[in-house]
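K.L.:
Quick one: this structure, given as C-alpha cells, is what I'll be asking you about.
What follows is calculated from the coordinates using simple rules that are stated; it is not laboratory data. What you see is a predicted model, and the numbers here were worked out from it, not measured in a lab. Here Cβ is always computed from backbone atoms with ideal geometry, including for glycine, and neighbour counts include all displayed protein chains.
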Amino acid sequence: MFRAPLLVWSAALSAGLLAVLIAGVAGYWPLHGIDEAFDRLLAPMREGPLAPVMLVTTALGDGLFLTLAGVVTVIAFLFAGARYRASAYGMAFVAMPFVVQGIKWLTERARPRAIAYSGTDVFSFPSGHVANSALIYGAIAGLSLVTFKGVTGRLLAGAFILLPLMIGASRLYLGAHWLSDVLAGYALAGLFLVLLALAVKRHPEPPRFSRAVPIALFVIAAAFPAYLLITLPDASELYRAIELHEPVGRTLPPSPSPD
C-alpha cells in the first residue's frame, strides 16, 4: 500500500525536520524566540472554556493509556497469528519512550512552565505525549486503512490521525511544551512509522489477522472513559497549579512512558 519512494521521502522529511529543530535547541539558530512568541500568542486563550476539553484530550496521550493501547494492539496480532507484525509493532512501541528520554537527557531543555515531573521528564524536548501518541495512533490508523476498505477505512484512519494532532494542540494550550517540542515529537514518530512500514512491508499476514483489529479498537475505545474517571481529577489539579504558578497538592503517579 505504501510505495517505497513515498516512504523514503517521508523519512527524509521527518529526519530533516528533527535535525533542524535539534540544531535550534542547541542554539545554532534562534528557535527559542519563535517558541516564546507562539507561547505568548496562546496565553490569552488559556483562561477560556477550552481547558476541560484540553485536559481530556491530553489524557489520550498519557503514558499509561498509550501503554494499554499498544499492548492491546500487539496482543490482538498474536491472537490472529501475525507474530512478525506483533514483534515489529511491540519493538517500536517499546523503543520510542527510550529514544525520547535519551533526547531529553541530551538537550535538557526547560519547559515553558514548571511541572511536577521528575528525572528526564522535567525536560521539554521533544514532547513524549506527541511522539508516543503519533506512533501508536498512527500505526493503528494504518491498520484501519488496510483492514477496512472504502469510506469506513478512511474515516477510521482519519480519526486516529486526528488524535495526535489534537494531543499536540492540548500540550501547547496547557503550557506543557514549546511549539518546537511538539513538532519534534511528530518528526520522531514519522521516522518510526516509516521504519515500521518498511519492516512489515514484505511480510504479508494471514487473512485472519484483520479480524483482530476491530476487537483492539473496541477495547481501546471502551477503556478510555474508565481511565479518564481515574486520572482527570489529578490532571485538573496539576494543570491548574501550572496556570496559577502554585505547588501541586497531590503527587501524580509516575507515567510508564516519558512525557
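K.L.:
Along the principal axes of its C-alpha atoms, what lengths does region 1-146 span, in descending order and rounded to whole Å?
P.N.:
The principal-axis extents, from largest down, are 50, 37, 29 Å.
K.L.:
Continuing with this model, one more query. When each pair of different Cα atoms in region 63-212 is counted once in the 1/r mean, what is the Kirkwood radius in angstroms, to one decimal? Can you show the working numbers first?
P.N.:
Working: mean 1/r = 0.0625 Å⁻¹.
This gives a value of 16.0 Å.
K.L.:
For region 143-208, take N as its residue count and report Rg(C-alpha) divided by 2.2 N^0.38 Å. Mind showing how you got there, number by number?
P.N.:
Values: Rg = 15.2 Å, N = 66, 2.2 N^0.38 = 10.8 Å.
Against the empirical 2.2 N^0.38 Å value, I get 1.41 for region 143-208.
K.L.:
Do any chymotrypsin sites (Phe, Trp or Tyr not before Pro) in region 1-97 lie in a loop, going by DSSP, with at most 16 other beta-carbon atoms within 10 Å of their beta carbon, and if so which? Could the numbers behind the result be given before it?
P.N.:
Numbers: sites: PHE2, TRP9, TYR28, PHE38, PHE65, PHE77, PHE79, TYR84, TYR89, PHE93; in loops: PHE2, TYR28.
Hits after loop and neighbour filter: PHE2, TYR28.
K.L.:
How big is the equivalent ellipsoid of region 59-116 along its three axes, where each semi-axis is √(5λ) from the Cα gyration tensor, reported in whole Å from largest to smallest? Walk me through the numbers on the way to the answer.
P.N.:
Numbers: eigenvalues 180, 41, 5 Å².
Listed largest to smallest, the semi-axes of region 59-116 are 30, 14, 5 Å.
K.L.:
With no solvent and one equal point scatterer placed on each C-alpha of region 105-151, evaluate the Debye formula and give log10 I(q)/I(0) for q = 0.25, 0.28, 0.30 Å⁻¹, two decimals.
P.N.:
-0.89, -1.01, -1.06
K.L.:
Then there is this: Using DSSP to define loop residues, name the trypsin sites (Lys or Arg not before Pro) in region 1-56 whose beta-carbon has at most 14 other beta-carbon atoms within 10 Å. Please list the in-between numbers first.
P.N.:
Details: sites: ARG3, ARG40, ARG46; in loops: ARG3.
Listed in order of number, the matching sites are ARG3.
K.L.:
Using per-residue counts of other Cβ atoms within 10 Å, averaged over each peptide, order 121-132, 166-177, 141-152 from highest down. It would help to have the intermediate numbers written out before the result.
P.N.:
On the way: 121-132: 27.6, 166-177: 23.4, 141-152: 16.3.
Highest to lowest by the protection proxy: 121-132, 166-177, 141-152.
K.L.:
Turning to a different aspect of this structure: Could you check the spin-label model distance between ILE34 and LEU78? Points 7 Å from the Cα along Cα→Cβ, value in nm.
P.N.:
Inter-label distance under the simple model: 4.3 nm.
K.L.:
Give the Debye-formula value of log10 I(q)/I(0) at each listed q (0.17, 0.24 Å⁻¹), with one equal scatterer per alpha carbon of region 6-61, two decimals each.
P.N.:
Log10 I(q)/I(0), no solvent term: -0.84, -0.89.
K.L.:
Tell me, how many Å apart are the Cα centres for region 85-107 and for region 132-181?
P.N.:
Taking the Cα centre of each part, region 85-107 and region 132-181 sit 18 Å apart.
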